[in-house]
Amino acid sequence: MPHKLIAGNWKMNGLKGAGRELARDLAARARSAAPDCDLLVCPPAQLLIPVGEALADSPVQLGAQDCHAEASGAHTGDIGAPMLADAGCSHVIVGHSERRSDHGESDAQVRAKAAAAAAAGLVPIVCLGETEAERAAGRALAVIESQLRGSLPERGPVGGGTGPAAAGPVVAYEPVWAIGTGKTATAGDIAEAHGHIRGLLREILGRSAGDSVRILYGGSVKPDNAAEILAVEDVDGALVGGASLKADDFWAIGASCP
Ligand code: 13P
């Protein structure tokens with residue numbers, strides 16, 4: 001397994017000045033002391049170009065938070081995966097629970113977006129996770145399974161050629177009840193969920209491709225819990241929301257990689 005991936009999802013936060021400043025800060029740190037993990041920041045769409053410029057010549061990669069399932073066309077307000085690649089992105093988050101709930105995105109739509117990302121040479125970060133009610137009803141693993149089967153692009157590894165997408169998709173397990181709440185799943189719950197996802201990935205993609213997919217944990221990852229979470233088996237990185245908006249915190253999470 002390559003380095004762990006620490007991805008920052010800035011969500012709908014950041015004006016030009018602050019976004020550029022945060023990116024410059026991270027890029028300067030990463031240039032002077034290469035971290036023992038892969039770092040990725042996913043700013044809102046209007047910041048992709050200035051943040052990408054601030055990250056130039058640094059190991060910090062650029063990602064987006066969503067893409068349309070089609071490459072271009074009459075889709076007002078949307079953005080196509082080739083546009084994101086053109087803006088310098090290597091990754092794009094698809095199927096985040098906030099998109100699933102705010103925009104009613106279905107597994108089938110998420111899968112189409114992931115396929116569009118891969119076709120544009122981007123690595124899709126496919127998000128899934130159960131709600132609090134689903135966990136309370138004992139359905140967490142069943143929900144994760146049906147979201148994974150429905151959202152993952154059909155054949156793996158996705159993409160072709162030598163671009164970043166050739167490595168296949170990334171999966172992010174983010175229990176909805178842990179997002180932005182300060183609650184995190186226990187190490188045991190995370191191990192169970194990630195182990196289940198790993199088994200399914202092997203079944204769907206084949207053993208070797210399934211083993212090479214990075215599975216990120218997301219949901220209130222902070223500097224003070226990152227080391228414990230990142231040490232859990234089959235946790236190949238983190239998808240960080242709130243704490244990714246502070247350079248010190250995001251950097252500290254990266255430094256927690258074993
Ligand atoms: P928080 O880290 O703010 O809980 O957000 C997690 C998340 O949704 C990342 O995609």
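Would the stretch 21-98 count as rounded, prolate or oblate if I go by the C-alpha gyration tensor, calling it rounded below 1.5 in a/c and otherwise prolate when a/b exceeds b/c, oblate otherwise?
Prolate is the answer for the stretch 21-98, as a/c is 1.5 or above and a/b outweighs b/c.
Summing Lys, Arg as +1 and Asp, Glu as -1, what charge do residues with Cβ under 15 Å from the Cβ of Pro43 carry, Pro43 excluded? Each step should come with its number before you reach the end.
Working: positive: Lys11, Lys16, Arg20, Arg24, Lys246; negative: Glu21, Asp25, Glu53, Asp66.
Value of the local net charge: +1.
Looking at the square roots a ≥ b ≥ c of the eigenvalues of the Cα gyration tensor of the chain, which shape do they give, rounded for a/c under 1.5, prolate if a/b is larger than b/c, or oblate?
rounded
Looking at the stretch 191-258, which trypsin sites (Lys or Arg not before Pro) are in a loop (DSSP not H, G, I, E or B) and have at most 16 other Cβ atoms within 10 Å?
Counting only loop positions with at most 16 other Cβ atoms within 10 Å, the trypsin sites (Lys or Arg not before Pro) in the stretch 191-258 are Lys246.
Taking only DSSP H segments of four or more residues, each worth -39500 (n - 2.57), what value at 222 nm results for the chain once the sum is divided by all its residues, to the nearest 500 deg cm²/dmol?
Numbers: 11 runs with 109 residues, N = 258.
Mean residue ellipticity, 222 nm, calculated: -12500 deg cm²/dmol.
Normalised by the number of residues in the chain, what is the relative contact order in percent for Cα pairs under 8 Å and 6+ residues apart?
19
Quick check: net charge around His3, other residues with Cβ under 12 Å of its Cβ, Lys/Arg +1 and Asp/Glu -1?
Overall, the nearby charge balance is -1.
If a cysteine in the chain has no other Cys Cβ under 4.7 Å from its own Cβ, put it on the list, ordered by number.
Singleton cysteines: Cys42, Cys67, Cys89, Cys127.
Please compute the Kirkwood hydrodynamic radius of the stretch 118-258 from all pairs of different C-alpha atoms, in Å with one decimal. Don't skip to the answer; put the middle values down first.
On the way: mean 1/r = 0.0649 Å⁻¹.
So the Kirkwood estimate lands at 15.4 Å.
If you rank Cys42, Cys37 by fewest surrounding Cβ atoms within 10 Å, what's the result?
Taking fewest neighbouring Cβ atoms as first place, the list is Cys37, Cys42.
Can you compute the radius of gyration and Dmax for the stretch 206-258, using only the Cα atoms, both in Å?
12.0, 39
What length, rounded to one decimal in nm, is gained on full extension from Ser212 through to Asp25, with 0.36 nm per residue of separation minus their alpha-carbon distance?
Difference between extended and current length: 64.2 nm.
Coordinate-derived values only; no laboratory data. Keep in mind that this is a model prediction, so the values were computed, not measured. Positions of Cβ are backbone-derived with ideal geometry, glycine not excepted, and every protein chain shown enters the neighbour counts.
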